[in-house]
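Enquirer: Quick one: the structure is below, questions incoming.
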Amino acid sequence: MSCEKINMLLHDFNKYCSVIESLLLEEQKEALSIIQTLKTRLTETFIGCYTENKVLNAILSEKLKVCNENSISFKCYFENTNFDFINELDLVSIFSNLIDNAIEGCFVSEEKNIYLSSYVLNDTYVVIKIENSADLKPEIYGGSLATLKSDKANHGFGIKSILKAVKLYDGNMQWEYDDKNNLFKAVIIF
């Protein structure tokens, strides 16, 4: 089933349930409870269609759920980006760690925003950009980003994992911190 058909089905399902809810509101409290539970479970388990890549869709759906639970605004935009050249495990390393780091930055920030995008530049280069709220300026250790967590011996592997995966595909990762706007920005180019 295509992403469009799945999204249409979910959209219509919610409308059907809303009509049934209003019809049953006065009569059957138990039926109403069942429908509300069904809607919640469907929304919680639904994997959205953000890209044509199923693995990436699963990652994004999982991270969006975490953001929603923590009042973090997470917006993503993918413009005709094909990630088939990246092994699925490396795709998980790159996107999961990028987004996890962004979420952690939002946890300790007044603003709580993440913007993730990807596009193809000059019909040649695949670009991944992520920006997130970050009230704390990143620490640099040995020329690399360092974890801000107190237990440094057991943390800080995410960036290393991203860099290792990016390097496998002759990619490059750059980052910067905008202290005027309290934003951390990272860009990966393959």
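Enquirer: When you go through (1) touching a Phe, Trp or Tyr at 6+ places or on another chain (Cβ under 8 Å); (2) surrounded by fewer than 17 Cβ atoms within 10 Å (Cβ to Cβ); (3) under 26 Å from Lys164 (Cβ atoms) one by one for Val120, which number turns out not to apply?
Expert: Going through the list (1) touching a Phe, Trp or Tyr at 6+ places or on another chain (Cβ under 8 Å); (2) surrounded by fewer than 17 Cβ atoms within 10 Å (Cβ to Cβ); (3) under 26 Å from Lys164 (Cβ atoms), Val120 breaks only (1).
Enquirer: Pairs under 6 Å by beta carbon, first residue under 15 Å from Thr81 (Cβ atoms) in segment 104-123, partner of a type outside the set (Val, Ile, Thr), six or more apart or different chains?
Expert: Leu116/Cys76; Ser117/Tyr77; Ser117/Lys129; Ser118/Phe78; Tyr119/Glu79
Enquirer: So which residues in segment 58-109 are polar (S, T, N, Q) and in contact with a Ser or Thr (Cβ under 6 Å, 6 or more places away or on another chain), if there are any at all?
Expert: Thr81, Ser93, Asn97, Ser109 - these are the residues of segment 58-109 that are polar (S, T, N, Q) and in contact with a Ser or Thr (Cβ under 6 Å, 6 or more places away or on another chain).
Enquirer: Could you tell me whether any residue of segment 56-78 is at pLDDT below 90, surrounded by fewer than 21 Cβ atoms within 10 Å (Cβ to Cβ) and assigned to a loop (DSSP other than H, G, I, E, B)?
Expert: Taking every residue of segment 56-78 in turn, none turns out to be at pLDDT below 90, surrounded by fewer than 21 Cβ atoms within 10 Å (Cβ to Cβ) and assigned to a loop (DSSP other than H, G, I, E, B).
Enquirer: Check Ile86 against each of (1) among the aliphatic types (A, V, I, L, M); (2) modelled with pLDDT of 95 or more; (3) touching a strand residue (DSSP E or B) at 6+ places or on another chain (Cβ under 7 Å) and name the one condition it does not meet.
Expert: Of (1) among the aliphatic types (A, V, I, L, M); (2) modelled with pLDDT of 95 or more; (3) touching a strand residue (DSSP E or B) at 6+ places or on another chain (Cβ under 7 Å), only one is false for Ile86: (3).
Enquirer: If you don't mind, there's one more thing I want to ask. For residues in segment 172-183 being free of Cβ contacts under 8 Å to residues at least 40 places away in the same chain and assigned to a loop (DSSP other than H, G, I, E, B), which is surrounded by the fewest Cβ atoms within 10 Å (Cβ to Cβ)?
Expert: Top of the filtered list is Lys180.
Enquirer: Looking at (1) in a loop (DSSP other than H, G, I, E, B); (2) at pLDDT 95 or above; (3) closer than 25 Å to Glu62 by Cβ, which one does Ile188 not meet, given that it meets all the others?
Expert: (1)
The values are calculated or read from the model by the stated rules, or taken from the named source; none is laboratory data. Just so it is clear, the structure is predicted and the values come from calculations on it, not from any experiment. Using ideal geometry, Cβ is built from the backbone for each residue, glycine included, and neighbour counts are taken over all protein chains shown.
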